[in-house]
Amino acid sequence: MMRLFFIAILFSATAIAGHAQDLNFNIKYTTDCLADTEQVDAKQVCIGNAAEACMANTPGGDSTYGMGGCLSAEADWWDGQLNAAYKALMKNEKNMDRENGLSENSVTSAAKALRQAQRAWIPFRDATCAYEYSQWGGGTGGGPASVACYMRMTAQQALYLQYAGFGD
């Protein structure tokens, strides 16, 4: 039930982003920050840069509608980064398992462990963001708050997987 609720919140924000053709969104604010930051842990400060610039540079960007659209646009980008990082890491882990003579059913399979971790992380993210939404007591700020949470947690997981969980 909570998953359906959260999907509805994200669908609404994505619909806002899709209809807000006048959003001044440019992912370059985030990608430039990521490129300029060498330390893996420091890359966290880049999360939300494009959304923040979008809100500042879009007429009405400080409205619930504008915030939702800008946050959703960056969340979508991070979701793509997460999927790419997961796919690349899974390929690496499967190769490592093969080199070590392990099947994916082995207790020590890295690919199996990665899949289980990601499957456990998704409902954790969704429940955390539903909790953040609940803090608004049904107010209009709940939508942007939950999308900001989704963006932040998805970005953090993308960076984690991109660097295979290891900092510098």
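Just a few scattered comments:
- Only one entry of GLU52, GLU104, GLU93 meets the criterion of being farther than 26 Å from CYS149 by Cβ, among the acidic types (Asp, Glu) and in contact (Cβ under 8 Å) with a residue 12 or more places away in the chain, and that entry is GLU93.
- Among residues that are more than 27 Å from LYS87 (Cα to Cα), part of a helix (DSSP H, G or I), at pLDDT 95 or above and not acidic (Asp, Glu), TYR150 is not included.
- Given (1) under 21 Å from ASN26 (Cα atoms); (2) modelled with pLDDT of 95 or more, index of the condition GLY60 fails: (2)
- Among the residues here, ARG152 qualifies as out of contact with any strand residue (DSSP E or B) (no Cβ under 7 Å at 6 or more places or on another chain) and either crowded, with 19+ Cβ neighbours inside 10 Å or of a type in the set (Val, Ile, Thr) (or both).
- Residue match in segment 66-80 (condition: acidic (Asp, Glu) and free of Cβ contacts under 8 Å to residues at least 24 places away in the same chain): no
- The lone exception for TRP136 - which of (1) of a type in the set (Phe, Trp, Tyr); (2) free of Cβ contacts under 8 Å to residues at least 12 places away in the same chain; (3) part of a helix (DSSP H, G or I) it fails: (3)
The values are calculated or read from the model by the stated rules, or taken from the named source; none is laboratory data. Everything quoted here is computed from the prediction, not taken from an experiment. We place every Cβ from the backbone using ideal geometry, glycine too, and count neighbours over all the protein chains shown.
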